[in-house]
Structure formats: structure tokens, C-alpha cells
1. Starting from 0.36 nm per residue, how many nanometres of slack lie between residue 123 and residue 107 once their C-alpha separation is accounted for?
2. Charges only on Cβ, +1 for Lys and Arg, -1 for Asp and Glu: so what's the dipole of the range 14-85 about the Cα centre, in debye to the nearest 20?
Amino acid sequence: MSETSTPPPQPAHTRWHFIRDVLVLQVKLILGNIHNFFLIPITLTAAAIDLVVKTDRHGGLFYRALDWGRRAEEAIGLYSALDRDDEGLKHDFTVDAVIKRLEGVIVREYEKGGTAANMKTAIDTALDQLHSETGKTAAKAQEAAQAVIKKLAPPE
């Protein structure tokens, strides 16, 4: 008799948390699109007014509109589902963090007198490092996707 290793059963509520997170994300994406739909003309109008009318500081209306936009985006909390899981992933792989790492590579190469080829190599190395750091998460996601595909496949 061969033993097959089956994953330990997960509580049913984790499935419903996941389903809830997916549905809530969809609502938040819609709200984010509405937010962007209004924020674009509001910020452009505020900037135009700031260019024509002198206010207390250059861009006063624009920056107030931008602050409103930020507070609205934070209220939407598009990625709040990540607050429960992957705390490090959330902070290490933001767009700002990745750009900061790449900028650091470019500055170091420039200060060393590096050529464009050296900078390209250094950036490739930094991107490879990012890929290797995210490889564990990607492998888990790929395993989960394969499991779903297996379950959805018609019986043979």
C-alpha cells in the first residue's frame, strides 16, 4: 500500500476569505477607476488655474487636489488584503523600492566610471537578484495555478 502525501485540510473559512478578497478587490478596482476618472481632470484644472491665478504658493490648488487624491486612494486601500500576509513582500517589491534599487545600481556604476555596457550588466544583475528573491513566491503561485487547472480539467 503506497502512502500518498495529501496537504493538510485547510479550514473552510480561508477559502471564503480568499473569495471575499477577490470580490472586494474587484469593487476596489472599480472605485479606483472612478477615482482616476475624476482625479485626472481635477488635477489638470487645478494646475491650469495655478498657472494663471497667483495663489499662496506655486501649485497650491494642484497639491491640494493631489493630497485629496492620495487620501481617497488610501481610503480605497486596493492592496489591503496583503496586510494579513506577505508583510515583507509588500514593502520590498513596491514600484518605488524596485526603482530605488535600480537607480542605486546606475549611480554606483556611473560613479565608478562605468560604461553603458557595464551599467546594463549591473542592471541585469539587479533584476536577476529581484527575480531570484521573488522566485519562491512565484513557484507557490505556479503550483496553485497548476492545481486549479488540474481540478478544472475534464476527466480523462
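Each value in this text was obtained by applying a stated rule to the coordinates, not by laboratory testing. In this text the structure is predicted, and so the values were computed from the model without any measurement. In this analysis, Cβ positions are derived from the backbone assuming ideal geometry, glycine residues included, and neighbour counts consider all displayed protein chains.
1. 4.7 nm
2. The dipole magnitude comes to about 80 debye.
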